[in-house]
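Chemist: So that we are looking at the same thing, I have put the structure below in structure tokens.
No lab work stands behind these numbers, since they all come straight from the coordinates. Everything numeric in this text was worked out from a predicted model, so none of it was measured. Methodologically, a virtual Cβ is constructed for each residue, glycine included, from the backbone with ideal geometry; neighbour enumeration extends over all protein chains shown.
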Amino acid sequence: MDRSRWFLLAAVASATLVAGIGFLLGQTRSTFVPPARPPSLEQQGRAVHLFFVSEGGTLVEEERLIPPRPTAAEEAKEVLTELIRGPRVDHFPTIPKGTNLLALFIDVEGTAYVDFDLTFQTNHPGGSLGEFLTIYSIVDTLGYNFPEIKQVQILMEGEETPTLTGHLDLRRPLKPRVRLQLSVT
Amino acid sequence: MRTQEIGGREWLSLRQVAEAVKAQLEWDGRHRRYLFRLPPASLIVTPGHSAILLNGRTYLLSTAPQLSGAEVLVPAELLQLALEEIYKRKRIRWDAEKRLIQVEERDYSLRGLRFHTYSDHTRVVLDLTKPLAFSWKEDPSQIVLRVKEGVLAPHFQRQDLSDGLVRSIELKQRLKGVELSIRLEEKRGPIKVFALKGPDRIVIDVFREGAWQLAQPAPAMEPTIIVIDPGHGGQDSGAVGPRGLKEKDVALDIGLRLKKLLEKRLPVQVLMTRSEDLFTPLQQRTAIANHAKANFFISVHVNAAMRSRTVGFETYYFTKDPSDSSARASVLQENLAVNLEGVGPKEQDNYLKLTVTDLINDVYRDESSALAELLLDELDQILKVENRGVKSGPFYVLAGAAMPAVLVEAAFISNPLEERKLMDETYRQRVAEALFEGIARFKARYEKRMGMTLGGRSG
């Protein structure tokens, strides 16, 4: 076995060890280290459009590059992770700080199930407008970037929730609004 | 195979399921989930999470698998789902008593449960994917409906309704089918159960006492009933301002001021969905209004946004999708308006009635949007802050209101300036005055359009 093989083996072993320790430590929040610089346009990636809140209180798009993933669900997860991270320019975030995306899957009928932890609810400021912008930034971002997503069902810790903060009805999946219409409400 | 009944559900242990499908069970510690090895099929179950991955497809169980002692319990329908998938989508029936698995070409499923409270009846709808045999038994306190085959689609368990007719609705997945129990109030009229097509569904209508005898109520004799719904309450504070002012308190105060104004100046009856700091479920708020056959429903809120400078007021009415109402929808609405009076328990036009009542929100949409406009207009004149316009969307508290219904967001409590304004009693009074003016104008218009006096003042 040559050196590079050994090196690879060592790398795999240490990665497994790290993952194992991470698991033993339990469900502590995974420490994500953001890249020092935003990826340059030359780097490979898929351009996606995220919806954040404008100065005027409507949803507006911001373009990002996300690493390509083998499935739409994994890519959609990347997109929502970016949405949670928040806007780059003079826009406002739509998802409360500390929110964790637990799972995202797309069923055969094109319903995307998006599962958040309770922080999504407990850290949300509430209000019809606030709730509306939060929910539709998610629904529209997914609908806009993934033609296979026809509707979006929000879940909280794996369960259905009647509403986020007492306004929009989340018992049924929501349809993205006209896909290319940028200004809303 | 024995199932355990806990909390009204049937459970199997994961090991039982693994044995039944002859799979090897593995714990994937890294992802905290169980893998079933039964090539070529695959099944992944995560304790605490109701989603399972079966041959790459995601299914939602009616509830999340749970740890119980050393065992992982899963809802009983997992076995059926797993067998169906493994045996190439052929339909499977597991007979618990005979310990027999039958593989059949049968297609079934219950997709969901809906219900609506209307002024003279409560409708419960079970959505199916194909026609299914069912039977039911009724006694004074409940009706139990059995759908002979079928796996219950996820997330429907028990719902408290307490709308004066139906106390609660419960769905249980049995190994041999699905059981729907509807607990009823003793004082009620007849019950109708029937199946409809396109899409297939089973409908249960519970009528109010005397509903069949009622002709069109003589509107001139009835006072206008206005339901005021102060948002949030109790453990639900609603939005909280930077200085700690709570939406629930502001909404209640404005609501009570509005009630006072209405009762003093108009011949109306005002009902509050809450008149103290109490938690009131959203469903109950609309149910109160429907039960009282209210003429208008006003939900009073104050707004919040993550951008703290956001300022102003807005009003909302119900639409299924938040986009502006499409041309197609308004055509539909005109056609339906004529038929609305036909809502009643005549058997031959059941289908029509269902269409009508399913779209009841559409029927009230024009009125609701008109009321929303008037309220906005008055707020604009009296408050002189940013007018953010009339909007629409799938608002829970407005869904199913059988009357014009509007949600008012009077100011942004998340904005420090507006929070300070809301702390001032005179400002809250001005908001109430504006809402009063809007309601008064709407009532006058409404009565003129209906060609009658709802208030009975001219009587």
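Chemist: Going by how many other beta carbons lie within 10 Å of each one, how would you line up B:Met403, B:Met272, B:Met423, fewest first?
Modeler: Least to most surrounded, the residues fall as B:Met423, B:Met272, B:Met403.
Chemist: Could you tell me which of rounded, prolate or oblate describes the stretch A:41-160, using a ≥ b ≥ c as the square roots of the eigenvalues of the alpha-carbon gyration tensor, with rounded for a/c under 1.5 and, failing that, prolate when a/b is larger than b/c and oblate otherwise?
Modeler: In terms of gyration-tensor shape, oblate.
Chemist: Still on this structure: Give me the lysines in straight-line cross-link reach of B:Lys259: C-alpha distance below 18 Å, same-chain residues under 8 apart excluded.
Modeler: B:Lys248, B:Lys293, B:Lys443
Chemist: Extension gain B:Lys148-B:Arg30, at 0.36 nm per residue separation less the Cα-Cα distance, in nm?
Modeler: 38.4 nm
Chemist: Going by how many other Cβ atoms sit within 10 Å of their own, how do B:Trp136, B:Trp11, B:Trp27 line up, fewest first?
Modeler: The order, fewest Cβ neighbours first, is B:Trp27, B:Trp136, B:Trp11.
Chemist: From the phi angles alone, apply the Karplus equation (6.51, -1.76, 1.60; θ = phi - 60°) to the stretch B:367-373 and give each ³J(HN,Hα) in whole Hz, x where the residue is Gly or Pro.
Modeler: 5, 5, 5, 5, 5, 4, 5
Chemist: Now for a separate question. Tabulate in residue order the Karplus-calculated ³J(HN,Hα) for the stretch B:386-396, using 6.51 cos²θ - 1.76 cosθ + 1.60 with θ = phi - 60°, rounded to whole Hz; enter x for Gly and Pro.
Modeler: Karplus-based 3J(HN,Hα) across the stretch B:386-396 equals 4, 8, 9, x, 8, 10, 9, x, x, 7, 4 Hz.
Chemist: Can I ask one more? Report the FRET efficiency, 1/(1 + (r/R0)^6), for B:Arg167 and A:Thr81, where r is their Cβ-Cβ distance and R0 is 45 Å, rounded to 0.05.
Modeler: Efficiency computed from Cβ-Cβ geometry: 0.55.
Chemist: Rounded if a/c is under 1.5, else prolate if a/b beats b/c, else oblate: with a ≥ b ≥ c from the C-alpha gyration tensor eigenvalues square-rooted, which is the stretch A:92-185?
Modeler: Note, shape of the stretch A:92-185 comes out oblate.
Chemist: Is there a simple number for the mean count of other chain Cβ atoms within 10 Å of the Cβ of residues in B:294-307, and what is it?
Modeler: Mean partner-chain Cβ count within 10 Å for B:294-307: 5.
Chemist: Another question about this same structure. Net charge near B:Ser13: determine it from the other residues with C-beta under 13 Å of the C-beta of B:Ser13, scoring Lys and Arg +1 and Asp and Glu -1.
Modeler: Net charge in that neighbourhood comes out at -1.
Chemist: Hey, which of these cross-link pairs are over 27 Å Cα-Cα: B:Lys137/B:Lys172; A:Lys77/B:Lys172; B:Lys320/B:Lys421; B:Lys187/B:Lys264?
Modeler: A:Lys77/B:Lys172; B:Lys320/B:Lys421; B:Lys187/B:Lys264, as the Cα separations exceed 27 Å there.
Chemist: May I pose another question? Tabulate in residue order the Karplus-calculated ³J(HN,Hα) for the stretch A:153-162, using 6.51 cos²θ - 1.76 cosθ + 1.60 with θ = phi - 60°, rounded to whole Hz; enter x for Gly and Pro.
Modeler: Values, residue by residue: 10, 8, 10, 10, 6, x, 10, 5, 10, x Hz.
Chemist: Now for a separate question. Please order B:Thr310, B:Thr63 by the number of other Cβ within 10 Å, starting at the fewest.
Modeler: The order, fewest Cβ neighbours first, is B:Thr63, B:Thr310.
Chemist: Mind giving me the nanometre distance, one decimal, between the label points for A:Ala103 and B:Asp200, set 7 Å out from Cα along Cα→Cβ?
Modeler: Label-label distance for A:Ala103 and B:Asp200, simple model: 2.8 nm.
Chemist: Across the residues of A:154-167, average count of Cβ atoms on other protein chains within 10 Å?
Modeler: 5
Chemist: Between B:Leu53 and A:Glu63, what's the calculated FRET efficiency when r is the beta-carbon distance and R0 is 41 Å? Round to 0.05.
Modeler: 0.80
Chemist: May I ask you to order B:276-284, B:171-179 by the average number of other C-beta atoms within 10 Å around their residues, highest value first?
Modeler: B:171-179, B:276-284
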